[in-house]
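Novice: Submitted below is the structure of interest, expressed as structure tokens.
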Amino acid sequence: MGQFKSIILIAVIGLVVLFSGCAGKQGGMPTPTPITTATPTVTAIPTVSATPIATATTPIQSSSANVSITNSINDFALKTYSVLNNESGNLFFSPFSVHTALSMTAEGAGGKTLEEMRDVLELSNDSSANRQGFEKLLNSLNEKNAGYNLSIANAIWIEKTFSVKREFSSALSTYYYALAQQADFTKNPDGERTNINGWVAGKTNNKILDLIPQGGLDSYTRLVIVDAIYFKGNWAQQFNKSDTQNATFFISQSKNVSVPMMHLSKSENASYYSENELKALEMDYQGDNLSMLILLPNPNHSLSEVEAGLSSNKISDIRAQLVHQPVQVWLPKFSMTKSKEMGDLLKGLGMKSAFDPQVADFSGINSTEGLYISDVFHKAFINVNETGTEAAAATAVVVGITAIEIPPEFRADHPFLFFIMDKHTGTILFMGRFADPRSGN
């Protein structure tokens, strides 16, 4: 049996499939009223009541724009995972949530900032195609299905004294169905943090709590752009709880632990593929649209070898070769919650300008104020058991103002001299040197 990290790969790849496997339906989501009411280039955004995203009811055909956005999200997923897998232990995140929140932010970017964001997010240079792709994908994913619960909600909180451009506000409301709400970041940043975290908790069935940590917002915050996603689905063929037994899980060749292992003696709703490097299993959820794809290294190969060969094309090739057939399945029960501040990771991937107060270009949001991304917070939860899977994630992009000069830092962490002086005459009254904290003499 493979290493425990393979289970994390299960979760990550499973969500990649989950978020790309519903592209064959058309949504009928009504376009919200644009979150702006005035005609000038720059306008304030009124408060909009936080009603859920409307659900689609009319089937729709897949389009090239829809496919393009799906490919962008999947490529971004594997690019991000290639960085995250350098960390030890379990991993879990929602590439869909991070990508969507940053794509909304990119609607207000320009110049090199926009170029870098598109490159990291694998977005097309065609803004119209990107917008139409997101609109159709969100419609499709939010379509009601009796077999499972999948919902995505987007929102933006805006400092009440701050104005944004009409094109930016209109794009977020029209194509991403983002609800706008006013906030008092200037006087009450922590109170607004509590409000935003409460909204996220409500949209994720209380699985994502405290998305933005204490101190994550301050009086210079001007925008917070949030995506929240929630999924709960039952296996098409559920495991019998009485068949779950403690079994050995091999973390490595020299280390193993006992875990509760679920068991199906003969699967009815699964597809299987085997090659020299790995075995693949795709297990269906009720409702026929969603599945979990599991990639398990063969004993003569390591998980790192499988990770090194991952690509969107590789996953597509594996899925194309899956055969629906009975399989004897052993799968551990597992649950985890993971938090990640994504700033350093995104800068490492090439999204540098957006985080640089000196060069960031978000003139598409407001051309008179210097804006930059101060933080990107992400949190994800998953629970896999005999009944099915529950997963949730949220991403908050915090946009701050750069008009306030950043104060210099004085860190007295090495030997220094000090004086006690008369301020008016400059007379040195006392003088000393502090060189060794261990000595009082």
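None of the figures in this text is laboratory data; all of them are computed from the coordinates on show. Note that this is a predicted model, so its numbers are computed, not measured. With ideal geometry, Cβ positions are generated from the backbone for all residues, glycine too; neighbour counts draw on all protein chains shown.
Novice: How would you rank 323-333, 68-78, highest first, on the average number of other Cβ atoms within 10 Å across their residues? List each step's numbers first, then the result.
Specialist: Numbers: 323-333: 14.1, 68-78: 22.3.
Highest-to-lowest ranking by the protection proxy: 68-78, 323-333.
Novice: Classify region 286-347 from the C-alpha gyration tensor, please: rounded if a/c falls under 1.5, else prolate or oblate depending on whether a/b exceeds b/c. Don't skip to the answer; put the middle values down first.
Specialist: Details: a/c = 1.61, a/b = 1.40, b/c = 1.15.
Note, shape of region 286-347 comes out prolate.
Novice: Given q = 0.23 Å⁻¹, what are the Debye log10 I(q)/I(0) values for region 114-155, with equal point scatterers placed on the Cα positions and solvent ignored?
Specialist: At q = 0.23 Å⁻¹ the computed log10 ratios are -0.83.
Novice: Search the structure for amide H atoms under 5 Å from the amide H of residue 179, placed 1.01 Å from N in the peptide plane, and list their residues when 5 or more places away or on another chain.
Specialist: 154, 155, 156
Novice: Under a plain spin-label model, where a point goes 7 Å from the Cα along Cα-to-Cβ, how far apart in nm are residue 367 and residue 344?
Specialist: 3.8 nm
Novice: Figure the gain on full extension for residue 414 and residue 87 (residue separation times 0.36 nm, minus the Cα-Cα span) and round it to one decimal in nm.
Specialist: Details: separation 327, 0.36 × 327 = 117.72 nm, distance 3.26 nm.
Computed gain between residue 414 and residue 87 is 114.5 nm.
Novice: What nm value, rounded to one decimal, do you get for the distance between residue 160 and residue 335 when each label is placed 7 Å out toward the C-beta?
Specialist: Reported label-point gap for residue 160 and residue 335 is 4.0 nm.
Novice: Rank by packing, highest mean first: peptides 379-391, 310-322, with packing defined as the count of other Cβ atoms within 10 Å averaged across residues. All intermediate terms of the calculation are to be shown ahead of the outcome.
Specialist: Numbers: 379-391: 21.8, 310-322: 14.8.
The peptides rank, most packed first, as 379-391, 310-322.
Novice: Just to check I understand the Karplus step: with θ = phi - 60° and J = 6.51 cos²θ - 1.76 cosθ + 1.60, what whole-Hz values come out for region 187-199, glycine and proline as x?
Specialist: With the stated coefficients, region 187-199 comes to 9, 9, x, 6, x, 5, 4, 4, 5, 5, 4, x, 4 Hz.
Novice: Taking the Cα atoms of region 306-403, report the difference between the largest and smallest coordinate on each principal axis, in whole Å and largest first.
Specialist: 63, 29, 22
Novice: Continuing with this model, one more query. If you take the square roots of the eigenvalues of the alpha-carbon gyration tensor of region 179-219 and sort them as a ≥ b ≥ c, do you get rounded (a/c under 1.5), prolate (a/b over b/c) or oblate?
Specialist: oblate
Novice: Further, regarding this structure: Could you give the nm distance between label points at residue 194 and residue 387, where each point is 7 Å from its Cα heading toward the beta carbon?
Specialist: Taking the simple label geometry, residue 194 and residue 387 are separated by 3.2 nm.
Novice: Calculate, for residue 254 and residue 313, the FRET efficiency according to 1/(1 + (r/R0)^6) with r their C-beta to C-beta distance and R0 56 Å; round to the nearest 0.05. Each step should come with its number before you reach the end.
Specialist: Values: r = 35 Å, r/R0 = 0.62.
Efficiency computed from Cβ-Cβ geometry: 0.95.
Novice: What is the Cα coordinate range of region 126-232 on the first, second and third principal axes, sorted by size from largest, in whole angstrom?
Specialist: Principal-axis extents of region 126-232 (Cα, largest first): 44, 34, 18 Å.
Novice: For residue 256, list long-range residues whose amide hydrogen, built 1.01 Å from N in the peptide plane, is under 5 Å from its own amide hydrogen.
Specialist: Sorted by chain and number, the residues that satisfy this are 251.
Novice: What shape does region 223-344 have by the C-alpha gyration tensor, where a ≥ b ≥ c are the square roots of the eigenvalues, rounded means a/c under 1.5, and otherwise prolate means a/b greater than b/c and oblate the rest? Write out the running numbers ahead of the final one.
Specialist: Details: a/c = 1.25, a/b = 1.18, b/c = 1.06.
Cα axes put region 223-344 in the rounded bin.
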